[in-house]
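Please treat every number below as a calculation from the coordinates, not as lab data. What you are looking at is a predicted structure, and each value in this text was computed from that prediction instead of being measured. Because the Cβ atoms are built from the backbone with ideal geometry, glycine has one as well, and the counts that use them run over all protein chains shown.
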């Protein structure tokens, strides 16, 4: 994947681009994404992938003008327009799924295909979502991965969670990223999206890890019920980071969009 920059009204946006085929825009979750991300590279085998970074992620600039859900949605729509894309396949993971769904609801005629990978954005009182912002690094893998030990190694590139240098870098990066993500995810990831999902016209595929402990599978059925005609693909032995744990299965599910 190549790293590029595109200018928008609010700020220059860094994005990853690679592959050939139908255009696909991938919106990352609260943990961000890198050019080496397995799912991005798998999708690039069959699609022309564009993966913009939100301000504050990676080496992108921060942007104080982006303050609420509408700002996030319109900013990302501006990115799609600046890239010159018309009706790309729109895919989002977790927080990115929340933004993608908002885009498809606000502009239902602009997006005909939508892939949502364990998206945030709904709230069920019987199934509260854990507070990601209150977690210490060593607590995160149990919510993000089915195989916690293997997931911890993926998350830290094999470095121990209590390694001072890794922890320092993680905390600095996490502070920047969560400062942006918190605008729509804190204190709870609910910004009225449930009232707008009926507007989505896009062919929608939902992808969920069966053992997701961050946004449990009960939410998958709530999303399926809320979006007319949505198809749900449940992936066993995978949690919230199903994109890393079961990359090929996620890509196969998204292939149903074309």
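Of the candidates 69, 135, 241, which one comes out as most mobile in a Gaussian network treatment of the chain with C-alpha springs shorter than 10 Å? Evaluated over the chain, the most mobile residue of the options is 135.
Rounded, prolate or oblate: which fits the chain, taking a ≥ b ≥ c as square roots of the Cα gyration tensor eigenvalues, rounded meaning a/c under 1.5, else prolate when a/b beats b/c? Rounded, because the longest to shortest axis ratio a/c is under 1.5.
Ranked by Cβ crowding within 10 angstrom, fewest neighbours first, how are 9, 127, 93 ordered?
On the way: 9 10, 127 13, 93 29.
Exposure proxy ranking, most exposed first: 9, 127, 93.
GNM on the chain, C-alpha springs below 10 Å: top fluctuator among 137, 119, 128? Its mean-square fluctuation being the largest, the pick is 128.
Before anything else, pin down the relative contact order of segment 132-185: Cα pairs under 8 Å, at least 6 apart, normalised by residue count, whole percent.
Values: 20 pairs, mean separation 13.4, N = 54.
Value for segment 132-185: 25 percent.
Separation of segment 125-150 from segment 39-104 is 24 Å, based on Cα centroids.
Using a 10 Å cut-off around each Cβ, can you sort 16, 186 from fewest to most neighbouring Cβ atoms?
Final ranking by Cβ density, sparse to dense: 186, 16.
Structural descriptor for segment 2-257: relative contact order 20 percent, calculated from alpha carbon pairs under 8 angstrom and at least 6 residues apart. Annotation: Cα Rg of segment 184-245 relative to the compact-globule expectation 2.2 N^0.38 Å equals 1.18.
With contributions of -39500 (n - 2.57) from each DSSP H run of at least four residues, the per-residue ellipticity at 222 nm computed over the chain stands at -10000 deg cm²/dmol.
Among 211, 94, 194, a tally of other beta-carbon atoms within 10 Å of each Cβ gives an order, fewest to most, of 194, 211, 94.
How many percent of all Cα-Cα pairs in segment 1-130 sit more than 20 Å apart? Can you show the working numbers first?
Numbers: 3369 of 8385 pairs.
Percentage above 20 Å: 40.
Classify segment 127-193 from the C-alpha gyration tensor, please: rounded if a/c falls under 1.5, else prolate or oblate depending on whether a/b exceeds b/c.
Values: a/c = 2.81, a/b = 1.49, b/c = 1.89.
Oblate is the answer for segment 127-193, as a/c is 1.5 or above yet b/c matches or exceeds a/b.
Picking from 224, 168, 203, which is most flexible by a Gaussian network model of the chain using Cα springs under 10 Å? Looking only at 224, 168, 203, the largest GNM fluctuation is found for 168.
Subtracting the Cα-Cα distance of residue 157 and residue 2 from their residue separation scaled by 0.36 nm leaves 53.6 nm.
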